[in-house]
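Note sheet for the following structure.
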Amino acid sequence: MSDQEILQLKIDPSLKSLRPVRRKRRVYVALALALLALLVFFLKREEIFAVPVEVSTAAQLYPSQTLSLLSASGYVVAQRKAAVASKVTGRLVSLLVEEGTRVRKGDVVARLESDDMLAQKAQAEANVRHAAFQLDSARAGLKEAAILFERDKRLVNTGAVSRIQFQLSEASLDRARAGVRAAESGLEASRATLKNAVVALDYTRILAPFDAVVLTKDADVGDIVTPIGSSTNSKAAVVTIADMDSLEVEADVSETNLARVKIGQPCEIMVDAVPDVRFKAEVHMIVPTADRSKASVMIKVRFLDKDPRILPQMSSKVNFLSRALGPQDQTPVTVLLETAIVKGKDRSLVYLIQGKRVSEAVVQTGKAWGDLVEIKSGLAPGDKVAVAKEGRLRDQVRIKVVEKE
């Protein structure tokens, strides 16, 4: 391009008018962003300046927990348990109990069919009566033979009766005596047969061997019950019962901790199914053998407190204590971490978490257990309390929860 052409170049006047428009647009955008930032700051100012806190929860503590030397898990087991069955084979015609039924020793639990046993008993009774009649007849014959013998004995000396007749009378007396003995033996045998029939009939009534509660029904009406139960369709046991007064907790204690346990040692049992109660107990037995697969020894702990809610096979936990429990040791108290309590000159405060804010609450403190302090009033178990990580808490201040380190 020549110098002449360069000199002839000009700027379009329409482009000059766009510059102020662009500048104004940038200013408006900047102002809008600034206003938006101010609005966000205004709306989020409380969250931005929220006090970071950790959460401490008021809990329920049993003073007995401070006496625990060792804890072990186990299960409730009935030490007296039986599968009730019959000594004879028969069809079950009546079942008088169900799960949960309480029975006393000697109560009829079930009945087997007994028509054949009743017939045998009736026959045995008839045989006894027949044997009794035979004994009466034999005794009458003995009486007659004795009279004849005494008559011939007097007459033989006078010659009115021959010596042979007298000897025959004596033989008849001996035979009558033997007949009486035979009849007595026959009656005794008949009575024994009757007793056997009565016992066999009693076997058709299945009785509770001790006071207990029915745990399971193992047979139903119509089942064949046998003493062995080897047949596919036969049952060996009718019901399973357990003596609830014999319930104990069987817990495994490691061999390394066995020195902390002794017979008669006071304990406290917590049953998972009854979480609000702790039961007094004591060590009943240290089973004299170890389980080498678990390197543990079984400890049997006896309940001192009875409760109908405790059932066999319930899971439980045992605390082995350093001393026996007193009434004051079984009353639960509310406790809180000492760091969650703000102590003043004349009062102690905590900051209850209520949503995203805290509310100031006055509490009355009591005894201390390590880093826990008893709360006599002002808090309930489960209440959540704020512990400031930075800054200072005050009533109704906004908070943000951070995880404990």
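The values are calculated or read from the model by the stated rules, or taken from the named source; none is laboratory data. Because the structure is a prediction, the values reported are computed rather than measured. Ideal geometry is used to build each Cβ from the backbone, glycine not excepted, and the neighbour counts take in all protein chains shown.
In the set Val318, Val333, only one residue is in contact with a Leu (Cβ under 9 Å, 6 or more places away or on another chain), within 30 Å of Leu393 (Cα to Cα), of a type in the set (Val, Ile, Thr) and in contact (Cβ under 8 Å) with a residue 40 or more places away in the chain; that residue is Val333. Only one entry of Asp276, Asp307 meets the criterion of being assigned to a loop (DSSP other than H, G, I, E, B), closer than 30 Å to Asp107 by Cα and either within 22 Å of the chain's Cα centre (by Cα) or without any contact (Cβ under 8 Å) to a residue 24 or more places away in the chain (or both), and that entry is Asp307. Glu268 falls short on exactly one of the conditions (1) assigned to a loop (DSSP other than H, G, I, E, B); (2) closer than 21 Å to Pro63 by Cα, and that condition is (1). Looking at this structure, is Val239 at pLDDT 95 or above and part of a strand (DSSP E or B)? No; evaluated as a whole, the condition is false for this residue.
Among the residues of segment 287-304, not a single one is touching a Phe, Trp or Tyr at 6+ places or on another chain (Cβ under 9 Å) and either within 30 Å of Gly378 (Cα to Cα) or of a type in the set (S, T, N, Q) (or both). Within segment 254-270, the set of residues being in contact (Cβ under 8 Å) with a residue 60 or more places away in the chain and in contact with a Lys or Arg (Cβ under 8 Å, 6 or more places away or on another chain) comprises just one member, Glu268.
Return a yes/no flag: does segment 178-198 have any residue that is touching a strand residue (DSSP E or B) at 6+ places or on another chain (Cβ under 9 Å) and surrounded by 17 or more Cβ atoms within 10 Å (Cβ to Cβ). Scanning segment 178-198 turns up no residue that is touching a strand residue (DSSP E or B) at 6+ places or on another chain (Cβ under 9 Å) and surrounded by 17 or more Cβ atoms within 10 Å (Cβ to Cβ). Of all residues in segment 200-224, those satisfying the criterion of being more than 23 Å from Ala78 (Cβ to Cβ), aliphatic (A, V, I, L, M) and not in a loop (DSSP other than H, G, I, E, B) are Ala200, Leu201, Ile224. One residue stands out among those in segment 115-147 that are surrounded by fewer than 18 Cβ atoms within 10 Å (Cβ to Cβ), of a type in the set (A, V, I, L, M) and over 50 Å from the mean Cα position of the chain (by Cα): the one that is farthest from Val238 (Cα to Cα), which is Ile147. In segment 150-177, of all residues being buried (at least 16 other Cβ atoms within 10 Å of the Cβ) and small (Gly, Ala, Ser), the one that is farthest from Leu92 (Cα to Cα) corresponds to Ser169. Scanning segment 279-301 for residues that are modelled with pLDDT under 95, within 21 Å of the chain's Cα centre (by Cα) and either assigned to a loop (DSSP other than H, G, I, E, B) or basic (Lys, Arg) (or both) yields a total of 1. Leu112 passes every criterion in (1) under 30 Å from Lys235 (Cβ atoms); (2) loosely packed, with under 13 Cβ neighbours inside 10 Å apart from (2). Of the residues screened, Glu360 is one that is more than 19 Å from Pro275 (Cβ to Cβ), at pLDDT 80 or above and among the acidic types (Asp, Glu). The requirement of being assigned to a helix (DSSP H, G or I), buried (at least 18 other Cβ atoms within 10 Å of the Cβ) and among the hydrophobic types (A, V, I, L, M, F, W, C) is not satisfied by Leu92. Taking the criterion of being under 18 Å from Ser254 (Cβ atoms) and either among the aliphatic types (A, V, I, L, M) or not assigned by TED's automatic domain parsing to the domain that holds Val261 (or both), the only residue of segment 306-320 that qualifies is Val318.
Scanning segment 108-127 for residues being basic (Lys, Arg) and more than 15 Å from Arg91 (Cβ to Cβ) gives a total of 1.
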